[in-house]
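The values are calculated or read from the model by the stated rules, or taken from the named source; none is laboratory data. This is a predicted model, so every value here is computed, not measured. All Cβ positions, even for glycine, are placed from backbone atoms using ideal geometry, and neighbour counts span all protein chains on display.
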């Protein structure tokens, strides 16, 4: 399970970086929508509208990226649990009468 969680966390981190790159380089709405789906916690960056220092901006970025990693880990836990349950159920012997 640890490997599964680490991979989910890395995926969340990479997704944040890829989505940020997409958001910076394109103005096409449909492509930007994909970026928002990859990084749903990007909405935390709305707090940068009132940020007055670069420390606040960096903190908001850290919060958005950290929340995305946590979200991906949570989804990874759910997927791992469902996967484990399905495998356990599939291995269960059937009893015929």
*Got at least one residue in the range 80-94 being in contact (Cβ under 8 Å) with a residue 12 or more places away in the chain, out of contact with any strand residue (DSSP E or B) (no Cβ under 6 Å at 6 or more places or on another chain) and part of a helix (DSSP H, G or I)?*
yes
*asked:* Condition first: surrounded by fewer than 12 Cβ atoms within 10 Å (Cβ to Cβ) and in a helix (DSSP H, G or I). Can you find one or more residues in the range 9-22 that meet it?
replied: yes
_Identity of the residue in the range 37-54, under 15 Å from the mean Cα position of the chain (by Cα) and loosely packed, with under 14 Cβ neighbours inside 10 Å, that ends up farthest from residue 73 (Cα to Cα)_ = 43
*Taking residue 3 as the residue in question, decide whether it is within 23 Å of residue 80 (Cβ to Cβ), modelled with pLDDT of 85 or more and over 12 Å from the mean Cα position of the chain (by Cα).*
yes
*Members of the range 51-72 found to be out of contact with any helix residue (DSSP H, G or I) (no Cβ under 8 Å at 6 or more places or on another chain) and not in a helix (DSSP H, G or I), listed by number*: 52, 53
*Residue check, residue 67 exposed (fewer than 14 other Cβ atoms within 10 Å of the Cβ) and free of Cβ contacts under 8 Å to residues at least 40 places away in the same chain*: no
